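The values are calculated or read from the model by the stated rules, or taken from the named source; none is laboratory data. Since the model is a prediction, treat every value here as computed from it, not as a measurement. With ideal geometry, Cβ positions are generated from the backbone for all residues, glycine too; neighbour counts draw on all protein chains shown. What goes into the accessible areas is simple: the full protein's heavy atoms, side chains included, and nothing from ligands, DNA or RNA. Shrake-Rupley method; radii C 1.70, N 1.55, O 1.52, S 1.80 Å.
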Amino acid sequence: MPWDEKFECMPVEELRKFQLEKLKETVAWAYEKVPFYRKKLDEKGIQAGDIQKLEDVSKLPVTVKNDLRDNYPFKLCAVPMKDVVRVHASSGTTGKPITGPYTAEDLDQWTECMARNFHAAGVRSDDVIQNAYGYGLFTGGLGFHQGAGRIGATVVPTSSGMTERQISLMQDFGATVLCCTPSYALTIAERAEEMGVDMHKLPVRVGIFGAEPWTVQMRQEIEDRLGIKAMEAFGLTELGGPGVSYDCKEQNGLHINEDHYLAEVVDPDTFEPVPEGEKGELIFTSLQRRAMPMIRYRTKDITRLHREACPCGRTFVRMEKLSGRTDDMLIISGVNIFPSQIESLLLDIPEVEPQYVLVVRKKGYLDHLTVRVEARREVYDAGPEKEAEVERKIADHLKGHIGINIRVRLVEPKLIARSEGKAKRILDERPKE
Ligand code: ADP
Ligand code: ZN
C-alpha cells in the first residue's frame, strides 16, 4: 500500500479533474500575485478562464532558468516575506543562484512528497536513515530529512563529506538506509573497501539516490559494491527540490507526483508536444505551490512518459530514467552524445574503475572529445603496453556503439576527483565565446 493511497492510486480520470482545477487556480494565483507572469500571460492574451482542458496548458508561456535569474532573489515570489518560512537556492555553479521560497503549506506538501518517495522505496518507521545529501541551501539535505521524519524513521543527519566518518557512523548506528547522490554512494563504497569495511555485512539494505544523472549500469555497480537495493529520487530547486518523482519497486520509470506537478514532454526546438511515449524535454507546471508557483518550467532534462498502468498500483505517470540534459549534449563529429551513453559503455569494461571525465576541446571548427577514465590498479601496474591495449579496447567499444572515433586516455587510479555531491563529468576546455 503506498503512503498516500488516495492520491498515488487515484483513478486517472479523477486525477485529471483534480489537476485541471489546480492548474486553473495556479494560473490565476500567478497572474494575480506575480507581475512577471501577468506580463507574460497578457502578452499571450491568455488567462486562467481560458483553460478548459488539461491540454490547454500548452497555450501558456514557458519559463526558463534565466527568468529565475533575472528575477533574483524574490521577484517571482507570490506571497509577502512574512509568509515565507524557508528559502533554498540552487548551487549556482553556472551563474547567479536561483532561489526557492516556501510557505509553511509548501513545506508540508514537499515533506509529503518525500514521504511517498521513502515509502515507495520500502522505508518504514523502524529504519535508521543516514542522510548524506548536503544540508544547507541545497534542497537535497533538508528535503530528505523532512520526508524521513514524516515516515517516523530515525534520521542521522550527516550531510555530505567526511567519508570515513560516514562509514564509521553507518557501522556504529546501524543505518539501514543511505541517502546521497549516486556518485557519492560510489565514493563511500570505494572508501569502505579501502578501510577494509565489508558493506555487505552492515545492516544497510536500501539507498535512495538522485540529484544527478546515473545510468542503470551505475545503479548495478552501486548495488553490487554496497550490497543494497538502489532506488531513485528526482527533483529540482525550481519546483521545490526532490520529491517531484520517485521509483517504485518495479523500477520501470519514476512516478511523478501528479497531484503537485503537471508534466509535459515537448520538442526542445519547437516546444510542440511530442507524440505520446516519445522522447523530448520535460516541462513542469506546479499545481499547488503558493510561494513560487511555476508555470511550464523548461527543465532541459530529456525523457519520455509512460502512462500504462504500473503493477505497483500507483496511477501516477512514469518518467523514464533520465538520459541526459539538453545542455550536456555534446556534438562530436556530427553525432549527438550524452555523457550517460559513455558511462554505460565504460561500465562494460572490467579493466577500468567507474570514474571518468569527458574533456571537450575545440580543434579548428570542430569539438573534440577525450574520455579520461581510471585504470584499475592491476592494469596501471602492468605498464604502458597493457594500458594502450585497454585504451584501444574501450575506443573500439565506443566506436561499435556510437559510431565515431573517440579518444580514450587511461589515467592512474585515484586521479579523478571523487564526488561528495553532484559529480562533474564534463570538463569543457572550449574557449568561451
Ligand atoms: P542545480 O541546478 O544547481 O544542479 P538542482 O538540484 O535544482 O540544482 O538540480 C536539478 C537537476 O538535477 C535536474 O533538472 C536534473 O537535471 C538533475 N537531477 C535531479 N535528480 C536527478 C535524477 N534522479 N537523475 C538525473 N538527473 C537528476
Ligand atoms: Zn509503480
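For this structure, a couple of remarks:
- Qualifying residue in the stretch 182-204 (condition: within 30 Å of M1 (Cβ to Cβ) and in contact with an Asp or Glu (Cβ under 7 Å, 6 or more places away or on another chain)): yes
- The set of residues from the stretch 339-382 being of a type in the set (A, V, I, L, M, F, W, C) and either over 22 Å from E420 (Cα atoms) or in contact with a His (Cβ under 8 Å, 6 or more places away or on another chain) (or both) comprises L345, I349, V360, L366, L369, V379, A382.
- Contact map, the stretch 404-433: residues that are among the small types (G, A, S) paired with residues that are surrounded by 13 or more Cβ atoms within 10 Å (Cβ to Cβ) and not in a loop (DSSP other than H, G, I, E, B), Cβ distance under 6 Å, separation 6+ or inter-chain. Pairs shown: S419/S183; S419/Y184; S419/T187; A423/S183.
- Single match in D106, D172 (criterion: open to solvent by less than 30 Å² (accessible area, probe 1.4 Å), part of a helix (DSSP H, G or I), of a type in the set (D, E) and on the phi < 0 side of the Ramachandran plot): D106
- K432, sole failed condition from (1) in contact with a Lys or Arg (Cβ under 8 Å, 6 or more places away or on another chain); (2) open to solvent by 30 Å² or more (accessible area, probe 1.4 Å); (3) part of a loop (DSSP other than H, G, I, E, B); (4) not hydrophobic (A, V, I, L, M, F, W, C): (1)
- Subset of the stretch 137-162 that is more than 16 Å from ligand 1 (Cβ to nearest atom) and open to solvent by less than 20 Å² (accessible area, probe 1.4 Å) - its residue that is farthest from W110 (Cα to Cα): G161
- Lone qualifier among L186, L178 - being touching a residue at least 60 places away in the same chain (Cβ under 8 Å) and open to solvent by less than 20 Å² (accessible area, probe 1.4 Å): L186
- Of the residues examined, E320 is one that is within 16 Å of ligand 2 (Cβ to nearest atom), of a type in the set (D, E) and open to solvent by 30 Å² or more (accessible area, probe 1.4 Å).
- G134 meets each of the listed conditions (1) part of a loop (DSSP other than H, G, I, E, B); (2) out of contact with any helix residue (DSSP H, G or I) (no Cβ under 8 Å at 6 or more places or on another chain); (3) crowded, with 20+ Cβ neighbours inside 10 Å apart from (2).
- The lone exception for A309 - which of (1) assigned to a loop (DSSP other than H, G, I, E, B); (2) touching a strand residue (DSSP E or B) at 6+ places or on another chain (Cβ under 7 Å) it fails: (2)
- Check on P242, part of a strand (DSSP E or B), in contact with a Gly (Cβ under 8 Å, 6 or more places away or on another chain), more than 16 Å from ligand 2 (Cβ to nearest atom) and farther than 21 Å from L60 by Cβ: yes
- Any pair with Cβ under 8 angstrom, 6 or more apart, that starts in the stretch 365-384 at a residue that is in the same structural domain as I402 (by TED's automatic domain parsing) and among the aromatic types (F, W, Y) and ends at one that is surrounded by 12 or more Cβ atoms within 10 Å (Cβ to Cβ) and modelled with pLDDT of 95 or more: Y380/E387; Y380/L410; Y380/E412; Y380/P413
- Failed criterion for F74 (all others in (1) away from ligand 2 (no atom under 16 Å from the Cβ); (2) in contact (Cβ under 8 Å) with a residue 12 or more places away in the chain; (3) over 16 Å from A291 (Cβ atoms) hold): (3)
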